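These notes concern the structure reproduced below.
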Amino acid sequence: MITVIGESLVDIISGPHREAPTEAHPGGSPLNVAVGAARLGLATTLVTHYAGDSYGDMIEKHLSVNGVTAIRGGSAPTSTATATLGPDGGASYAFTISWDINGAALPALEAVQGSRHVHTGSIAAVVAPGDQATLALLAAAREHASISYDPNCRPGISPDVDAARAQTERFVTASDIVKASDEDLAWLYPDRTPEQSLSAWLELGPAIVALTRGAAGPVILARRGRVELAAEPIKVADTVGAGDSFMAALISGLDQLSALGAGGRRRLQALTVEELQALAAYANRAAAITCSRPGANPPRTAELGHLTVPLQA
């Protein structure tokens with residue numbers, strides 16, 4: 001089992017090429033990762049917050065249909081993100097957010113202690129009071145599970161870049177696998193290149209750090225090397241959820257390589273360049289499939305297939 005910790009919200013999307021002036025879809029980076037992982041065959045639990053309102057009902061149905069078990073805390077209304085799409089399919093966001101998992105402490109602790117892998121990131125790592133509960137759950141999970149993190153920075157929610165940088169580095173240090181976008185790193189570290197930031201994060205403790213660069217494709221750095229791929233050529237519907245699909249597929253790929261769990265850390269440290277190349281291609285393909293259709297709609301195993309590592313000569 002894997003557990004994802006983080007926000008659930010409803011994306012209210014407007015922009016060109018939509019069937020309606022506005023469309024509402026369940027979203028939130030951690031929710032998208034949980035759904036993406038479940039669609040790739042991983043038994044997945046999401047520790048989250050949403051209310052018993054109409055948007056919360058939409059989220060609950062979405063999780064249930066996709067086989068994700070929800071552990072729900074907090075009492076505030078369901079969060080929303082208003083996404084405005086540009087002509088290229090890129091999205092800009094405005095948020096009405098609450099992140100509080102008060103009331104779910106015991107079942108959340110049981111979930112992470114019973115999991116082989118725990119993932120978190122985004123708003124859950126920076127918005128009080130849930131951010132400290134999230135960090136505590138990672139500490140409780142570490143003896144039993146590997147940990148991944150995606151900062152998915154939202155300057156509109158956490159505008160203090162110095163505080164966001166310090167908090168991000170706490171989570172990077174607690175993690176085995178980290179993924180970030182070039183936009184995340186440009187905002188957090190404007191005075192250095194994204195790859196310089198990746199290298200600095202690798203020194204903080206993770207075994208793998210991945211960078212997504214939109215149309216430029218991904219880069220993965222690890223103890224044994226670096227791989228870079230071009231983005232797959234596709235017709236982009238929009239980019240909503242693409243990074244989350246990349247993250248879910250990265251977790252699934254590592255599971256297929258037996259590199260998750262506390263017992264998988266040695267395997268994670270020893271991944272070959274060929275295995276990293278296969279991981280990058282697998283996650284890259286998942287993101288491309290998501291970009292090819294509207295909304296955060298990650299692929300299933302039947303669409304993506306299984307991870308394939310070329311035999312070494």
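Shown for the range 124-256: the carbon plus sulfur share of the solvent-accessible area, taken with all protein chains present and a 1.4 angstrom probe, equals 52%.
The listed residues ARG293, ARG226 rank as ARG226, ARG293 when sorted by accessible area, largest first, using a 1.4 Å probe.
Under the shape rule built on the C-alpha gyration tensor, where the axes satisfy a ≥ b ≥ c, the range 1-144 is prolate, since a/c reaches at least 1.5 and a/b is greater than b/c.
For PHE95, neighbours were defined as the other residues whose beta-carbon sits under 12 Å from its Cβ, and their charges (Lys and Arg +1, Asp and Glu -1) total -1. Among beta bridges identified by DSSP and lying wholly in the chain, the antiparallel ones come to about 40 percent.
Could you tally the net charge around GLY41, taking each other residue with its Cβ under 13 Å from the Cβ of GLY41, Lys/Arg +1 and Asp/Glu -1? Spelling it out: positives minus negatives among the neighbours equals 0. Sorting GLU7, GLU143 by accessible area puts them as GLU143, GLU7; the probe is 1.4 Å, largest comes first, and only protein heavy atoms count.
Per residue, the range 124-249 exposes 40 Å² of solvent-accessible protein surface, assessed with a 1.4 angstrom probe and all protein chains in place.
Order these peptides, 211-219, 264-272, by their mean beta-carbon neighbour count within 10 angstrom, highest first.
Working: 211-219: 18.9, 264-272: 16.2.
My ranking of the peptides, most packed first, is 211-219, 264-272.
Using the rule -39500 (n - 2.57) for each DSSP H run of four or more residues, divided by the residues of the chain, the 222 nm mean residue ellipticity is -11000 deg cm²/dmol. Near TYR189, no amide H atom lies under 5 Å from its own; only residues 5 or more places off or on other chains count, and H is placed 1.01 Å from N.
Quick one: grab the alpha carbon gyration tensor of the range 68-214, order the square roots of its eigenvalues as a ≥ b ≥ c, and give me rounded if a/c is under 1.5, else prolate or oblate depending on whether a/b is larger than b/c.
Working: a/c = 1.86, a/b = 1.16, b/c = 1.61.
The shape class here is oblate.
For THR80, the accessible surface of its heavy atoms amounts to roughly 20 Å² (probe 1.4 Å, protein chains only, rounded to the nearest 10).
Shown are LYS61, LYS179, whose ranking by accessible area with a 1.4 Å probe and every protein chain present, most to least, is LYS61, LYS179. Shape descriptor for the range 24-63: Rg over Rh equals 0.96 (Cα atoms; Rh from the Kirkwood inverse mean 1/r). A simple spin-label model places the labels of VAL273 and THR82 5.0 nm from each other, with each point 7 Å out along Cα-to-Cβ. Pull out a ≥ b ≥ c, the square roots of the eigenvalues of the alpha-carbon gyration tensor of the chain, then state rounded if a/c is under 1.5, prolate if not and a/b is larger than b/c, and oblate in the remaining case. Rounded. Distance between the pseudo-spin-label points of HIS306 and GLU143 (7 Å out from Cα toward the beta carbon): 3.4 nm. Between THR96 and SER258, the modelled label-to-label distance comes to 5.1 nm, taking each label 7 Å out from Cα in the direction of the beta carbon.
Inter-part distance, the range 167-181 to the range 74-142, computed on C-alpha centroids, equals 15 Å.
The values are calculated or read from the model by the stated rules, or taken from the named source; none is laboratory data. Remember, predicted model here, so these are calculated numbers, not experimental data. Note that each Cβ is placed from the backbone with ideal geometry, even for glycine, and that neighbours are counted across all protein chains shown. Side chains included, ligands, DNA and RNA excluded: accessible areas come from the protein's heavy atoms. Shrake-Rupley method; radii C 1.70, N 1.55, O 1.52, S 1.80 Å.
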